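The values are calculated or read from the model by the stated rules, or taken from the named source; none is laboratory data. Worth saying up front: this structure is predicted, and the values here are computed from it rather than measured. Note that we place each Cβ from the backbone using ideal geometry, even for glycine, and neighbour counts take in every protein chain shown. Just so you know, the surface numbers come from the protein's heavy atoms only, side chains and all, with ligands and any DNA or RNA stripped out. Shrake-Rupley method; radii C 1.70, N 1.55, O 1.52, S 1.80 Å.
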Amino acid sequence: MLWFERQVVTHLIRPDLDERGRADVEDYVDSALRVMPPHLRAGVAAESIAFGAWPSLQRALGHLDPATVDRAVERCRTSRIDVVRQYVRLLESLVLFAENELVPEPAP
């Protein structure tokens with residue numbers, strides 16, 4: 001999983017999920033991306049590089065804060081451009097599946 005993809009996934013995971021659950025979700029998304037057909041994975045990777053370029057530059061310069069990544073994810077999520085919105089929806093669907101199918105519900 002590329003750096004920006006990991007940041008998006010971290011942003012999309014439920015905040016109440018424990019560290020083990022978060023790791024399970026991240027592992028699932030990582031494995032799902034790795035088994036994608038190469039032509040699809042190339043497109044997702046290109047979007048990750050393009051959308052994550054500015055936050056990556058800020059990180060390299062030491063000026064990145066979590067709010068910057070959160071704003072970038074929200075801009076992608078609410079973009080008027082279909083391909084941009086679909087990028088977040090792809091990762092969000094993988095996160096939701098992992099949260100609902102792989103992470104056990106906490107005991108009451």
Degrees between helix 19-34 axis and first principal axis of the chain (Cα, 0 to 90, nearest 10): 60 degrees
Rounded tilt (10° steps) of 3-12 against the dominant C-alpha axis of the chain: 50 degrees
Portion, in percent, of the accessible area of the chain that falls on carbon or sulfur, probe 1.4 Å: 59 percent
Table column - 3J(HN,Hα) (Hz), the stretch 84-94, Karplus curve with 6.51, -1.76, 1.60, x for Gly and Pro: 5, 4, 5, 4, 5, 4, 4, 5, 5, 5, 5
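Where does the chain land at 222 nm, in deg cm²/dmol rounded to the nearest 500, when only DSSP H runs of n ≥ 4 count, each adding -39500 (n - 2.57), divided by all residues?
Details: 6 runs with 80 residues, N = 108.
Value at 222 nm, helices only, nearest 500: -23500 deg cm²/dmol.
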Distance in nm between pseudo-label sites at residue 92 and residue 74 (7 Å out along the Cβ direction from Cα): 1.4 nm
Fully extended contour minus Cα-Cα distance, from residue 81 to residue 60, at 0.36 nm per residue: 4.8 nm
Per residue solvent-accessible surface (Å²) - the chain, probe of 1.4 Å: 62 Å²
Nearest 10 degrees, 0 to 90: helix 38-51 Cα axis against the chain principal axis: 70 degrees
About the Cα centre, charge dipole magnitude for the chain (Lys/Arg +1, Asp/Glu -1 at Cβ), debye: 540 debye
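Can you give the extra length, in nm with one decimal, that the chain gains between residue 35 and residue 100 once fully stretched, where that is 0.36 nm per residue apart less the Cα-Cα distance?
Details: separation 65, 0.36 × 65 = 23.40 nm, distance 2.05 nm.
Answer, rounded to one decimal: 21.3 nm.
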